[in-house]
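Read the structure below first, then the notes.
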Amino acid sequence: MMSIFSKKNKKLHRSESIVFGREGNEIVKEAYNRLKDNILYFAVDGTKKVIQVESSTAGEGKTTTVSNLGVSLGLSGKKVVIIDLDFRKARTHRSFEIENVDGLSDYMVGKVSKDEMIKQTKYENVSIINRGSEVTNASVILTSDKLKKLIEELKKDFDFILLDCPPVLLISDYIHISSLSDGVLFVVAYAQTKKKQVSEAISLMKNNNMNIIGAVFSFYDYKKSNNYNEYNYGYYNYYGYGDKNKKK
Amino acid sequence: MNEETYNEQGISLSDIFFLVKRNILMILIITIICAVAGGVYAFSIKKPVYTAIATAVVQAEPTNNGSEATSYSYSVALTNTFKDLIKNITVINVAADKLIEENNYSEEDRNGLKSKLQNNVSVSSTTSTLTLTVSANSTTPEEAILLANAILKATVSVVDKYAVNSETGEVIIDTNGEPVHNYIILANKLKVFSEASMDTTSIKNNKLVILAVAIVVGLVISFGIILIKYLSDDTFTSKESFEKAYNINILSSIHEADGGNQ
């Protein structure tokens, strides 16, 4: 069994990290839909559109989460744009099988227009802004008025803007990005991220008055968990979804 | 509760039940291994222990000019004196001599016999009676009986021994023409009441106790491992503990999923 999050699964094609649009993984899809419903509830008044997706350290599943959340929102009829703001380790374009060219960094230096930068993915209502060319000083871009203006313009065109960000404990970009976002979705690798790391990351974000709207457990394993989700797993098995996954 | 206090939470009853459920296979395996090891030891390796009992009576006479309390103290002191003497090295040597002379033991067995008499024999008494109970343990009932009887008879023979003239080697005779005892206040005060025999020998059947102890040890080891694992786990494995620690809701738990083709 290969996990879409698994570190042992680096060779797995990135497009496979998006569970929507292919058979199986009903439990995973339902988990993303639950996350989508919570985000819709958070943004019910229509004023909160920019969601910053953070984690304590690298490899906790931010890009996978943001990609699947974007597709789930798109399937619900919401127009979504996903922006890759991890300038050091850009990955989002791989999830959507898009080349990392003509991206945000190129737009910021005037190489490409806004329309050229925003790329429609094969998923309905889901667009992506990839990083583009490599950037030496990300904070210059993140604090620029041009980026703020771009976000304001995107708010008019899209229902949700999802920001795929670098890890809080490794890079301080989260401070600059928080001035652009309405709330933070915090990804925690279940049974992997140390409590101390989680605690430190949350403290840093709270110290910067960031609005943490909720958290997501990635790499979730119901066998290790002592909570109600075990019931959910049984529920899905009861309805045959679990068996489908096994057959895969 | 805030993020600074996440590590102050204890382990709840539901956590314990969950941990047991999650580790039930490990618990069963370790417990079964310990039970099998305990069973093999109890039923195959460990030899049964037989205990033979011999009884002696202390013939303490009331003092003529003393009070009842003095008589009582005297009899208790006499009983305790015999109790101490039974395990004395002099008595043990005499008992070993008797066993070699009268039974199928050789000189080579002397040290082993002395060791058994020293370690496998115990003496007990109560303050309200004038009896001494000698118990001897052995892996065979016959040997247990021999050890109990030999040490008791050796004690009687030592305390009843006559005084001997060191120059002539003859027994010393008093003015009345009676032989003089070596230990005047002890002589003829200890009498064998009942010798150890098959009727007074019991077998210590503790196989089931060993098996039960092995099972308990297995459970303790299993729970110890689980507890160490639990306490050394510095990650979040429950939605509730995360939410309590930071007051942040878990909006979804993304299950592990299969890879696969689109």
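Just wondering, is there one or more residues in the range B:23-40 that are at pLDDT below 90, within 14 Å of chain A (Cβ to nearest Cβ) and surrounded by 12 or more Cβ atoms within 10 Å (Cβ to Cβ)?
Step one: filter the range B:23-40 for residues at pLDDT below 90, giving B:23.
From the residues that got through so far, the ones that are within 14 Å of chain A (Cβ to nearest Cβ) too are B:23.
The next check asks that each one be surrounded by 12 or more Cβ atoms within 10 Å (Cβ to Cβ); those that pass are B:23.
Scanning the range B:23-40 turns up at least one residue that is at pLDDT below 90, within 14 Å of chain A (Cβ to nearest Cβ) and surrounded by 12 or more Cβ atoms within 10 Å (Cβ to Cβ).
Mind checking which pairs have a first residue in the range B:236-251 that is in contact (Cβ under 8 Å) with a residue 24 or more places away in the chain and facing chain A (nearest Cβ under 7 Å) and a second that is assigned to a helix (DSSP H, G or I) and crowded, with 22+ Cβ neighbours inside 10 Å, Cβ under 9 Å, 6 or more apart or different chains?
If the second residue must be assigned to a helix (DSSP H, G or I) and crowded, with 22+ Cβ neighbours inside 10 Å, the pairs left are B:Y246/A:V198; B:Y246/A:I202.
Out of everything in the range B:205-233 that is of a type in the set (D, E, K, R) and either in contact with an Asp or Glu (Cβ under 7 Å, 6 or more places away or on another chain) or within 15 Å of B:D15 (Cα to Cα) (or both), what residue ends up being farthest from the other protein chains (Cβ to nearest Cβ)?
In this case the residue turns out to be B:K229.
For the range A:92-99, does any single residue satisfy the condition of being of a type in the set (D, E, K, R) and in a helix (DSSP H, G or I)? Don't jump to the end; show me each part of the working.
Let us first name the residues in the range A:92-99 that are of a type in the set (D, E, K, R), namely A:94, A:97, A:99.
In the following step, the residues that additionally are in a helix (DSSP H, G or I) were identified as A:94.
Yes, there is a match, as at least one residue in the range A:92-99 is of a type in the set (D, E, K, R) and in a helix (DSSP H, G or I).
Any residue in the range A:35-47 that is free of Cβ contacts under 8 Å to residues at least 40 places away in the same chain and β-branched (V, I, T)?
Within the range A:35-47, one or more residues are free of Cβ contacts under 8 Å to residues at least 40 places away in the same chain and β-branched (V, I, T).
Only one of these is on the phi > 0 side of the Ramachandran plot, away from chain B (no Cβ under 13 Å) and part of a loop (DSSP other than H, G, I, E, B): A:D102, A:D45, A:D86. Name it.
On the way: A:D45 fails: on the phi > 0 side of the Ramachandran plot; A:D86 fails: on the phi > 0 side of the Ramachandran plot.
The conditions single out A:D102.
Quick one: which strands (runs of 3 or more DSSP E) lie wholly within the range B:99-198 and hold at least 3 residues that are modelled with pLDDT of 90 or more and buried (at least 19 other Cβ atoms within 10 Å of the Cβ)? Show your work before the answer.
Numbers: elements: B:121-125, B:131-138, B:190-194.
Output list reads B:131-138.
What is the number of the single condition among (1) closer than 30 Å to B:G38 by Cβ; (2) in contact with a Leu (Cβ under 9 Å, 6 or more places away or on another chain) that B:K189 does not meet?
Looking at each condition in turn, B:K189 falls short on (1).
Just need a number here: residues in the range B:96-139 that are closer than 17 Å to B:V158 by Cα, more than 18 Å from the chain's Cα centre (by Cα) and in contact (Cβ under 8 Å) with a residue 60 or more places away in the chain.
1
Within the range A:148-197, work out how many residues are over 23 Å from B:I254 (Cβ atoms) and small (G, A, S). Give the derivation first.
Restricting attention to the range A:148-197, the residues satisfying the condition of being over 23 Å from B:I254 (Cβ atoms) are A:148-158, A:171-173, A:175-176, A:178-180.
Subsequent filtering for residues that are small (G, A, S) retains A:172, A:178-179.
The total comes to 3.
Quick one: A:A189 ticks every box in (1) within 14 Å of another protein chain (Cβ to nearest Cβ); (2) modelled with pLDDT of 95 or more except a single one, so which number is it?
(2)
Among A:V135, A:V140, A:V168, A:V112, which is the only one that is β-branched (V, I, T) and closer than 16 Å to A:T92 by Cβ? Even if it seems obvious, please write down each step before you answer.
Details: A:V140 fails: closer than 16 Å to A:T92 by Cβ; A:V168 fails: closer than 16 Å to A:T92 by Cβ; A:V112 fails: closer than 16 Å to A:T92 by Cβ.
Only one candidate qualifies: A:V135.
Consider A:I213 carefully, then state whether it is at pLDDT below 95 and either among the hydrophobic types (A, V, I, L, M, F, W, C) or assigned to a helix (DSSP H, G or I) (or both). Talk me through it step by step, then tell me what you get.
On the way: at pLDDT below 95: yes; either among the hydrophobic types (A, V, I, L, M, F, W, C) or assigned to a helix (DSSP H, G or I) (or both): yes.
For A:I213, the condition - at pLDDT below 95 and either among the hydrophobic types (A, V, I, L, M, F, W, C) or assigned to a helix (DSSP H, G or I) (or both) - is met.
Here is a check on your reading of the model: is B:T200 of a type in the set (S, T, N, Q), in contact with a strand residue (DSSP E or B) (Cβ under 9 Å, 6 or more places away or on another chain) and within 14 Å of chain A (Cβ to nearest Cβ)? Before the answer, list the steps.
On the way: of a type in the set (S, T, N, Q): yes; in contact with a strand residue (DSSP E or B) (Cβ under 9 Å, 6 or more places away or on another chain): yes; within 14 Å of chain A (Cβ to nearest Cβ): no.
No; evaluated as a whole, the condition is false for this residue.
Report yes if B:I221 is out of contact with any strand residue (DSSP E or B) (no Cβ under 8 Å at 6 or more places or on another chain) and either modelled with pLDDT of 85 or more or hydrophobic (A, V, I, L, M, F, W, C) (or both), otherwise no. I'd like the intermediate steps shown before the answer.
Values: out of contact with any strand residue (DSSP E or B) (no Cβ under 8 Å at 6 or more places or on another chain): yes; either modelled with pLDDT of 85 or more or hydrophobic (A, V, I, L, M, F, W, C) (or both): yes.
For B:I221, the condition - out of contact with any strand residue (DSSP E or B) (no Cβ under 8 Å at 6 or more places or on another chain) and either modelled with pLDDT of 85 or more or hydrophobic (A, V, I, L, M, F, W, C) (or both) - is met.
The values are calculated or read from the model by the stated rules, or taken from the named source; none is laboratory data. Model, not experiment: these values are computed from the prediction. Cβ atoms come from the backbone with ideal geometry, glycine included; neighbour counts cover every protein chain shown.
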